[in-house]
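Since every read-out is calculated from the coordinates, none of them should be taken as a lab result. None of these values were measured; they are calculated from a predicted model. Methodologically, a virtual Cβ is constructed for each residue, glycine included, from the backbone with ideal geometry; neighbour enumeration extends over all protein chains shown.
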Amino acid sequence: MPWSEGDFDLLVRHNAPEMTAHLGGPETHEKLLDRHQRYLGLDDRQGGMFRIVTHPEGETAGIVGFWETTHQGEDVWEAGWGVLPECQGRGIAAAAVRLAVAEARRTGRHRHLHAYPAADNAPSNGVCRKAGFTLLGEEDMEYPKGHWMRCNDWRLDLEQQA
């Protein structure tokens, strides 16, 4: 479901230490408010954020989305997701990422969609593999600002149909 004003509480739930361990840790309340406003302001030219539900009117399971970024001189989409602990291990993340891939492909705006999970984040790297991304290698990335981490660079060619 598209991100809405009422999804701020979900963002707060995602800010727990166990959900942000591979992302530099929890953010301040002010940063969460900024992030929420950015998510609300996204359009097809900038990306899209979504609340993951298990089925129409089902349980909220997490967050998935994509946004515009520049990587190695190329304008690309970047994907990100998080599934709440009680919903993990059920294939929800991979299914949600495949839906986000379809949305990114639908925009026709960029050829590539990248994901940059921490190199030691086995579950997120598994999601990339299951969703059809190709591993390009490892690199150091700054996220959040001032925090460097070793990431895998996964890429999906949106011009190729799965």
Computed E for ASP120/ARG90 - FRET, C-beta separation, R0 22 angstrom, nearest 0.05: 0.50
DSSP H segments from the chain that extend 20 Å or more along their own axis, Cα-based, with Kyte-Doolittle mean of -0.5 or above: 92-107
Point-to-point label distance, THR134-LEU99, nm (Cα→Cβ direction, 7 Å offset): 2.8 nm
Potential lengthening between GLU159 and THR20 on full extension [0.36 nm per residue; Cα-Cα distance subtracted]: 46.9 nm
Label-to-label distance, nm, for residues given as ARG13 and LEU40 (7 Å Cα→Cβ offset): 2.0 nm
Segment 104-162: Rg to Rh, with Rh as the Kirkwood radius over Cα pairs: 1.02
Segment ARG106-SER4, length gained on full extension (0.36 nm per residue, minus Cα span): 34.7 nm
Segment 116-162: GluC sites (Glu not before Pro) in DSSP loop, at most 13 other beta carbons within 10 Å: GLU159
Under DSSP loop assignment and at most 11 Cβ neighbours within 10 Å, longest trypsin sites (Lys or Arg not before Pro)-free interval of the chain: 46-144
Spherically averaged projected area in nm², based on the convex hull that wraps the Cα atoms of the chain: 9.1 nm²
Local electrostatic count at GLU27 - Lys and Arg +1, Asp and Glu -1, tallied over other residues with Cβ under 14 Å: +3
